[in-house]
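Structure record follows, encoded as structure tokens.
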Amino acid sequence: MRRIDWDALAPLGLGGRLTANRICIGLGASSAFAWIVFWTNLEACEGALDWFSGDRILRFQSPTGIMEPFYQILDHSLLCFGFVALCMLPLAAWHYCYHYQDSRSIYLMRRLPNRRELWRRCLGLPLLGVAACGVLSAAHVLVFYAIYHYAASPQCLQPGQWRMLWESLFH
Amino acid sequence: MLEIKDLKKTYYTKFTTALDGVSLTVAPGEIVGLFGENGAGKTTFLKCVLNLLRYEGSITLDGEPVTHANIERFSFATCEHSFFPNLTAQSHRDFFRMHFPRWREKRFQALMEFFELPANKALRGFSTGQKNQFEVILALSQGADYILMDEPFAGNDVFNREDFYKVLLGILEPNESIILSTHLLEEVEHFVSRAALLRQGKLVGDVSTLDLEEQGKGLLDFVKETYRYEPDRVSKALDRLTEDEEERP
């Protein structure tokens, strides 16, 4: 498998690997935050779960007979991914401004025969960061939904969970 | 052939016209000195040629506009420095080799050796003189046909500059052209083959050094003449100053 050359996705001399590591730390922290929020919300559901009872996993049994919709349990668990994605904007700006620090390396970058080189080095890591945030957010939603679905008895689930999630995103 | 026709550049944010209808042609092998007072438009002129600034008029290289397709035929050494301070000379070499297929490895190594520049030290640790030297070395080694230099020796001592002119004359190939913007008129007098003079964004003089020699004039005389320099300007100003002081009680 071809390994990603992180240094080629950041301005020369800035250390792309270091920046990539920092983005990964941000993504890891966002993931941890998402799990904590989701788990706390799930446990806070009325008639909290007895997850493990002996060798058997017990499912949620709401006294009211209705489990809270998925979007409410998901809550703001993905907020940090959004924050990390937003941080990619100043990162891109910093990558561009780096070419004006202590010298005017922007002159060299702008007169390279490969016109994409400058933009690759300014936007490469930020775009990858945004993409990673999107992919990880989607992956978390799917995993959380699987847990939610597994945790609640089918008769307790309200219909139209995805529609409600979608609507909660845009309203 | 580099042809610049009716080049105009206005900085709308500063409400100033930096270049006003400059036309110049530079043939292969020419070494053109670009002279003028501070703010005359020399740097702007070079940046327009390199497409670093938007301009009006036309700049063509062998009949083609300057684009990414032919930009590698230009190199640029500037006193502002266009290298990466955190990188070593060796890393710059690798980067240039990757992007400029006509990279001159032999020339690079020879110049690095001549100026005794360290290959594996980050450029931010170089002295100002060494930084200037490295900037010029990169420009000369890129494999460009037109080498543009903007005050490349600002901060270098006189021996250093002298060395550079000699090296430059020794290594340049007949098809390599240089456009050199500098204030060091007397130093480059024997290095340039032509002098172009800018004043307030206009080309006010364009003469070959051979013509000047035939006329028995030096480059400095030509510049002073074209600029209508008044030799007694300083004494007049001093007289006026002393008169003012004497009038005071």
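The values are calculated or read from the model by the stated rules, or taken from the named source; none is laboratory data. This is a predicted model, so every value here is computed, not measured. Virtual Cβ from ideal backbone geometry, glycine too; neighbours counted across all protein chains shown.
Summary table below
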read-out	value
Those residues of the range A:1-47 which are farther than 27 Å from B:H92 by Cβ, among the β-branched types (V, I, T) and in a loop (DSSP other than H, G, I, E, B), in sequence order	none
Verdict on A:R121 being buried (at least 18 other Cβ atoms within 10 Å of the Cβ) and over 18 Å from the mean Cα position of the chain (by Cα)	yes
Residue in the range A:1-42 that is nearest to A:Y100 (Cα to Cα), counting only those that are modelled with pLDDT under 85 and loosely packed, with under 12 Cβ neighbours inside 10 Å	A:R3
Unmet requirement for A:A151, which otherwise passes all of (1) surrounded by 13 or more Cβ atoms within 10 Å (Cβ to Cβ); (2) within 17 Å of the chain's Cα centre (by Cα)	(2)
The one condition in (1) more than 13 Å from the chain's Cα centre (by Cα); (2) more than 21 Å from B:L212 (Cβ to Cβ); (3) hydrophobic (A, V, I, L, M, F, W, C) that B:F153 fails to fulfil	(1)
Every residue from the range B:28-63 that is surrounded by fewer than 17 Cβ atoms within 10 Å (Cβ to Cβ) and away from every other protein chain (no Cβ under 14 Å)	B:P28, B:G29, B:E37, B:N38, B:G39, B:E56, B:G57, B:S58, B:T60, B:D62, B:G63
Enumeration of residues in the range B:76-99 that are facing chain A (nearest Cβ under 7 Å) and either of a type outside the set (G, A, S) or more than 26 Å from B:T44 (Cα to Cα) (or both)	B:F76, B:T78, B:E80, B:H81, B:F83, B:F84, B:P85, B:N86, B:L87, B:F95, B:H99
Complete set of residues in the range B:1-27 that are surrounded by fewer than 20 Cβ atoms within 10 Å (Cβ to Cβ) and in a strand (DSSP E or B)	B:E3, B:K5, B:D6, B:K8, B:T10, B:Y11, B:T16, B:T17, B:D20, B:G21, B:S23, B:T25
Candidates B:F222, B:F164, filtered to the one that is assigned to a helix (DSSP H, G or I), touching a Leu at 6+ places or on another chain (Cβ under 6 Å) and surrounded by 15 or more Cβ atoms within 10 Å (Cβ to Cβ)	B:F222
Tally, over the range B:100-136, of residues that are of a type in the set (D, E, K, R) and either buried (at least 20 other Cβ atoms within 10 Å of the Cβ) or within 14 Å of another protein chain (Cβ to nearest Cβ) (or both)	5
